[in-house]
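Single-structure report; data block below.
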Amino acid sequence: AQSVTQLDSQVPVFEEAPVELRCNYSSSVSVYLFWYVQYPNQGLQLLLKYLSGSTLVKGINGFEAEFNKSQTSFHLRKPSVHISDTAEYFCAVRDSGGYQKVTFGIGTKLQVIP
Amino acid sequence: KAGVTQTPRYLIKTRGQQVTLSCSPISGHRSVSWYQQTPGQGLQFLFEYFSETQRNKGNFPGRFSGRQFSNSRSEMNVSTLELGDSALYLCASSLEPPNTGELFFGEGSRLTVL
């Protein structure tokens, strides 16, 4: 069975500083990986996804993530955060074969400090 | 293109009552998934429907049920409500094929059980 671990429940960071949100997954097969963002009182929206190919994936709002198969990680990074990046971020995984459900981590709250 | 629509957005019920939540997916999307979101638990998978058939089911008691109609709209029902059922219930639709697992979320239905 697949699972996702987000190692930090909250990450405070000063505006214009870099940030990394960590995500590790476990699965016995090849996977698709996702990062979603949730702003207050809204649903989730996709930031970026890894399906295959290049392990460095670029997404919206200047975010990027790197798929590391040997370390089973998919950490999210941004070189310079803005106040508007304050939100909750969810890492998600899905086995690539068949009709498998998408499993989410518990989320990381990013708080950008002015 | 209209997004995923969930109704109602907010509702308050008392213990023992039942509730029905509705989800209209993006036009052309035939897969609908439901998640329960609570603080500290992240998103917990409830079930997924495709072409009116339940394809996956999470580890929730039988009080939680769902269905999908021929127009891909979906409903979920919770009977005999408990205080612990208070949560944000999120619906997500996806386009198949391809079955990459990318989900498009509604804004959710926030249920409060008193």
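Can you give the net charge of the other residues whose Cβ lies under 9 Å from the Cβ of A:Glu64, counting K and R as +1 and D and E as -1? Display every interim value, and only then the final one.
On the way: positive: A:Lys58, A:Arg77, A:Lys78; negative: A:Glu66.
So the environment of A:Glu64 carries a net charge of +2.
Per residue of A:92-99, how many C-beta atoms from partner chains lie within 10 Å of its own C-beta, taken as a mean? Don't skip to the end; give the middle numbers.
Details: counts 5, 1, 5, 1, 3, 1, 2, 8.
Per-residue shielding by partner chains comes out at 3.
Suppose a student asked you for the relative contact order of chain A, using Cα pairs under 8 Å spaced at least 6 residues apart; what percent would you report?
Numbers: 288 pairs, mean separation 42.4, N = 114.
Normalised by residue count, the contact order of chain A is 37 percent.
Give or take rounding to whole Å, what are the principal axis extents of the alpha carbon atoms in the stretch A:3-113, in descending order?
41, 28, 22
For the ranges A:95-104, B:6-15, what's the packing order if you count other beta-carbon atoms within 10 Å of each residue, average per peptide, and put the highest first?
Values: A:95-104: 18.1, B:6-15: 13.2.
Peptide ranking by packing, descending: A:95-104, B:6-15.
Relative contact order for chain B: what percent, with Cα pairs under 8 Å and sequence separation of 6 or more? Show your work: numbers first, answer last.
Details: 284 pairs, mean separation 41.3, N = 114.
That works out to 36 percent.
Within 10 Å of each Cβ in A:44-55, how many Cβ atoms from other chains are there, averaged over the peptide?
Neighbouring Cβ atoms belonging to other protein chains average 2 per residue here.
In the stretch A:16-74, which GluC sites (Glu not before Pro) are in a loop and have at most 13 other Cβ atoms within 10 Å, using DSSP for the loop call?
On the way: sites: A:Glu16, A:Glu20, A:Glu64, A:Glu66; in loops: A:Glu16.
Those satisfying the criteria are A:Glu16.
So how do A:75-86, B:34-45 stack up, highest first, on mean other-Cβ count within 10 Å? Mind dumping the intermediate values first?
Working: A:75-86: 16.1, B:34-45: 18.0.
Final packing ranking: B:34-45, A:75-86.
Quick check: from the Cα gyration tensor, does chain B come out rounded (a/c under 1.5), prolate or oblate? Intermediate results must be reported in sequence, preceding the final value.
Working: a/c = 1.77, a/b = 1.70, b/c = 1.04.
Because a/c hits 1.5 or more and a/b exceeds b/c, chain B counts as prolate.
Around B:Gly84, with a cut-off of 14 angstrom between Cβ atoms, what is the net charge of the other residues, counting Lys and Arg +1 and Asp and Glu -1? Write down the numbers at each step before the final one.
Working: positive: B:Lys13, B:Arg15, B:Arg63; negative: B:Glu82, B:Asp85.
So the environment of B:Gly84 carries a net charge of +1.
What does the charge count around A:Pro114 come to, taking other residues whose C-beta lies under 15 Å from its C-beta (Lys +1, Arg +1, Asp -1, Glu -1)? Spell out each step's value before the answer.
Numbers: positive: none; negative: A:Glu15, A:Glu16, A:Asp85.
Around A:Pro114, the surrounding residues sum to -3.
Which whole number gives the average, over all residues in B:39-49, of C-beta atoms from other chains lying within 10 Å of the residue C-beta?
Values: counts 2, 3, 3, 12, 11, 3, 4, 1, 1, 4, 0.
The per-residue average across the peptide is 4.
In the stretch A:3-113, with Lys and Arg counted as +1 and Asp and Glu as -1 at Cβ, which of these residues, A:Ala17, A:Ala87, A:Gly59, has the Cα nearest the positive end of the dipole, that is, farthest along it?
The listed residue farthest towards the positive side: A:Gly59.
Select from A:Asn68, A:Asn24, A:Asn41 the residue whose mean-square fluctuation is largest in a Gaussian network model of chain A (Cα-Cα springs shorter than 10 Å).
Residue with maximal mean-square fluctuation among A:Asn68, A:Asn24, A:Asn41: A:Asn41.
So if I take the centroid of the Cα atoms in the stretch A:12-42 and the same for the stretch B:9-27, what is the distance between those two points in Å?
Between the Cα centre of the stretch A:12-42 and that of the stretch B:9-27, the gap is 29 Å.
All of the numbers you see were taken from the coordinates with simple rules; none came from a lab. None of the values given here were measured: they were computed from a predicted structure. All Cβ positions, glycine included, derive from the backbone under ideal geometry; neighbour counts span all protein chains shown.
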